[in-house]
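See below for the structure under consideration.
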Amino acid sequence: MSRLTIRLRLTLAFAFAMAIVLGAVGAFLYVRLGDSLQEQLDESLRLRAQGLTALVRDRGGGLSADELGPGAEEGFAQILRPDGSLLASSGPTGGGPLTSRGETSRAQGGSFFLSRNTLPGLGGEPARLLVTPAGPVIVVVGASLEDREEALAGLLAQLLIVGPLALLLSSLAGYLLAAAALRPVETMRRRAAEISGERPGARLPLPEARDEIHRLGETLNAMLGRLEAGLARERRFVADASHELRTPLALLQTELDLALRRPRSHEDLEHALRSVAEEVDRLIRLAEDLLVLARADEGPLPLRRAPISAEDLLETVARRFATRAAGDGRTLHVAARSDAPLVGDGLRLEQALGNLVDNALRHGSGVVRLEAENHDGRVELRVSDEGAGFPPDFIPHAFSRFTRADEARSRGASGLGLAIVDAIARAHGGVAHAANRVGTGAVVSLTLPAAQAPLAVPPSGSGAPPSIRLN
């Protein structure tokens with residue numbers, strides 16, 4: 001059954017349902033006709049019994065066979081004594097009483113109907129009897145059921161002929177209807193077989209009717225759009241990654257070629273090795289960043305969640321960049337105005353904040369501020385500087401991969417730092433946001449959900465919000 005086409009399965013299901021309906025309708029008609037014919041027969045027997053009863057009472061119980069009525073075609077009748085013996089009879093009744101002594105005694109209590117599968121004198125035909133008390137005697141009237149049986153047999157024969165024919169015609173109609181209903185699906189299937197990555201923008205044709213197939217086509221077209229966009233992002237990602245890898249590899253090749261071209265002094269070789277080490281470090285960072293983003297594409301980043309103090313987190317990041325900031329003549333300012341605890345991966349959050357501080361030191365100027373603040377049950381971690389800020393057209397794409405605000409200024413940068421910040425924020429159930437400060441400078445923030453219960457954080461030495469300056 002599972003190997004059949006949907007069209008055939010629908011046709012078989014429709015045929016099965018129609019067979020049940022036709023069978024039920026045929027059975028209803030058969031039973032209803034039988035009941036109707038029996039009701040008519042019973043009514044005719046009742047009318048005849050009433051007439052004979054009135055006649056018997058007028059004659060005082062004595063009637064001849066001629067007075068009981070016509071023969072078998074119109075039915076038959078008998079007059080019985082209370083002991084069940086035959087008094088008078090008409091029609092082919094076989095010469096004996098039609099009821100037993102017990103049935104005759106039962107008639108004293110009122111009229112009732114009897115059915116006989118066969119009666120003597122009727123050639124084995126079934127019959128219907130009505131036994132009625134009429135004063136001192138019992139009146140029995142009856143009629144053959146042959147006409148009723150013939151009518152039911154004729155109806156059954158017609159149903160056995162018309163039913164299969166109707167089932168065949170309805171199944172054929174069901175097949176054609178299923179074919180018409182599935183024709184848009186077949187059209188979409190053929191178009192889907194033609195769609196490939198080399199033909200972007202191709203979509204499935206939609207039927208004019210706003211039905212389930214139309215909605216299915218819309219859903220599939222939307223899915224194709226998402227897949228196409230994802231494929232474009234993957235291609236762009238691979239192209240950008242190849243470009244980023246090519247630059248440090250080319251520099252490595254150049255440095256090595258120059259070092260091996262002619263004899264060099266110790267200082268020249270040391271300078272070449274330092275340059276090579278810088279490019280290797282850049283390759284390592286780029287590979288690590290790509291690995292983080294690849295994991296983020298596969299699903300939420302794996303996190304080792306633990307209680308974290310926002311103040312300790314900012315101070316740890318500030319200490320990591322203190323020497324670099326001092327060498328550049330820059331200042332790191334930490335201000336944790338948040339007593340709300342965090343539950344997250346400390347190493348991932350340090351990585352995100354470290355990327356922001358690195359960007360501020362690399363592209364900004366002035367004081368770099370690391371701040372934490374509560375906002376309606378969420379903790380906002382901010383890193384800002386006093387530089388020129390982001391170009392306005394860069395902010396909407398700040399967290400896109402391989403996106404740089406200033407290519408000339410971003411030499412040595414891969415354009416993945418803010419993308420990693422966004423991935424880490426989303427993995428923690430938060431969001432990253434980039435903007436320019438009022439006046440001057442850029443600010444990037446991570447808004448993360450706060451923990452439900454406060455952490456046991458050692459109290460600071462003063463009542464003011466904890467703040468340190470590293471020069």
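The values are calculated or read from the model by the stated rules, or taken from the named source; none is laboratory data. All figures in this text were calculated on a predicted structure; none of them were measured in a lab. Here Cβ is always computed from backbone atoms with ideal geometry, including for glycine, and neighbour counts include all displayed protein chains.
Only one entry in ALA107, ALA77 is modelled with pLDDT of 70 or more and part of a strand (DSSP E or B), namely ALA77. Of the strands (runs of 3 or more DSSP E) contained entirely in region 391-471, not one carries at least 2 residues that are in contact with a Leu (Cβ under 6 Å, 6 or more places away or on another chain), modelled with pLDDT under 70 and assigned by TED's automatic domain parsing to the domain that holds ARG282. Scanning region 366-378 turns up at least one residue that is among the basic types (Lys, Arg), within 45 Å of the chain's Cα centre (by Cα), assigned by TED's automatic domain parsing to the domain that holds GLY430 and over 17 Å from LEU418 (Cα atoms). Inspect all residues belonging to region 93-102 and state whether any of them is in a helix (DSSP H, G or I) and modelled with pLDDT of 75 or more. Yes, region 93-102 has at least one match. Screening the candidates LEU8, LEU47, LEU41 for the property of being surrounded by 14 or more Cβ atoms within 10 Å (Cβ to Cβ) and either in contact (Cβ under 8 Å) with a residue 40 or more places away in the chain or assigned to a helix (DSSP H, G or I) (or both) yields one hit, LEU41.
Filter region 348-390 for residues that are of a type outside the set (D, E, K, R) and assigned to a loop (DSSP other than H, G, I, E, B) and give the result.
The initial filter retains those residues of region 348-390 that are of a type outside the set (D, E, K, R), namely 349, 351-357, 359-361, 363-368, 370, 372, 374-375, 377, 379, 381, 383-384, 387-390.
Across region 348-390, the qualifying residues are GLY364, SER365, GLY366, VAL367, GLY377, GLY387, ALA388, GLY389, PHE390.
Against the definition (closer than 23 Å to PHE402 by Cα and buried (at least 16 other Cβ atoms within 10 Å of the Cβ)), how does LEU216 come out, yes or no? So LEU216 fails the test. Of all the listed residues (GLY123, GLY142, GLY102, GLY96), the sole one being at positive phi and assigned by TED's automatic domain parsing to the domain that holds LEU45 is GLY123. Listed by first and then second residue, the pairs linking a residue in region 416-436 that is in contact (Cβ under 8 Å) with a residue 24 or more places away in the chain to a residue that is buried (at least 22 other Cβ atoms within 10 Å of the Cβ) and among the β-branched types (Val, Ile, Thr), with Cβ atoms under 6 Å apart and 6 or more places separating them unless they lie on different chains, are ALA432/VAL421; ALA434/VAL444. A single entry from LEU332, LEU347 fulfils the requirement of being touching a residue at least 24 places away in the same chain (Cβ under 8 Å) and buried (at least 22 other Cβ atoms within 10 Å of the Cβ): LEU332. For region 193-206, the candidate set comprises residues that are in contact with a helix residue (DSSP H, G or I) (Cβ under 8 Å, 6 or more places away or on another chain) and not basic (Lys, Arg); within that set, the residue that is surrounded by the most Cβ atoms within 10 Å (Cβ to Cβ) is LEU204. Screening PHE394 on (1) closer than 16 Å to ASN436 by Cα; (2) in contact (Cβ under 8 Å) with a residue 12 or more places away in the chain; (3) of a type in the set (A, V, I, L, M, F, W, C) shows it passes everything except condition (2). For GLY124, the test of being surrounded by 12 or more Cβ atoms within 10 Å (Cβ to Cβ), over 16 Å from VAL141 (Cβ atoms) and small (Gly, Ala, Ser) is failed.
For region 313-329, does any single residue satisfy the condition of being without any contact (Cβ under 8 Å) to a residue 60 or more places away in the chain, of a type outside the set (A, V, I, L, M, F, W, C), within 24 Å of GLY387 (Cβ to Cβ) and not assigned by TED's automatic domain parsing to the domain that holds ASN355? No, every residue in region 313-329 fails to be without any contact (Cβ under 8 Å) to a residue 60 or more places away in the chain, of a type outside the set (A, V, I, L, M, F, W, C), within 24 Å of GLY387 (Cβ to Cβ) and not assigned by TED's automatic domain parsing to the domain that holds ASN355.
Please determine whether any residue of region 136-143 is free of Cβ contacts under 8 Å to residues at least 60 places away in the same chain and in a loop (DSSP other than H, G, I, E, B). Break it down stepwise before answering.
Initial filter on region 136-143 (free of Cβ contacts under 8 Å to residues at least 60 places away in the same chain): 138.
Checking the rest, the ones that are also in a loop (DSSP other than H, G, I, E, B) come to none.
No, every residue in region 136-143 fails to be free of Cβ contacts under 8 Å to residues at least 60 places away in the same chain and in a loop (DSSP other than H, G, I, E, B).
Would you call ALA192 of a type in the set (A, V, I, L, M, F, W, C), under 32 Å from the mean Cα position of the chain (by Cα) and over 30 Å from ALA294 (Cβ atoms)? If you could, list the steps in order and put the result at the bottom.
Values: of a type in the set (A, V, I, L, M, F, W, C): yes; under 32 Å from the mean Cα position of the chain (by Cα): yes; over 30 Å from ALA294 (Cβ atoms): no.
No.
Within 60 Å of the chain's Cα centre (by Cα), crowded, with 19+ Cβ neighbours inside 10 Å and not charged (D, E, K, R), is that true of GLY142?
Details: within 60 Å of the chain's Cα centre (by Cα): no; crowded, with 19+ Cβ neighbours inside 10 Å: yes; not charged (D, E, K, R): yes.
It is false that GLY142 is within 60 Å of the chain's Cα centre (by Cα), crowded, with 19+ Cβ neighbours inside 10 Å and not charged (D, E, K, R).
Among the residues of region 357-380, is any without any contact (Cβ under 8 Å) to a residue 12 or more places away in the chain and farther than 13 Å from VAL444 by Cβ? So that I can check it myself, show each step before the final result.
As a first pass, look at region 357-380 and keep what is without any contact (Cβ under 8 Å) to a residue 12 or more places away in the chain: 376.
Remaining after also requiring farther than 13 Å from VAL444 by Cβ: 376.
Taking every residue of region 357-380 in turn, at least one turns out to be without any contact (Cβ under 8 Å) to a residue 12 or more places away in the chain and farther than 13 Å from VAL444 by Cβ.
Somewhere in region 267-287, is a residue buried (at least 16 other Cβ atoms within 10 Å of the Cβ), part of a helix (DSSP H, G or I) and among the hydroxyl-bearing types (Ser, Thr, Tyr)? Yes, region 267-287 contains at least one residue that is buried (at least 16 other Cβ atoms within 10 Å of the Cβ), part of a helix (DSSP H, G or I) and among the hydroxyl-bearing types (Ser, Thr, Tyr).
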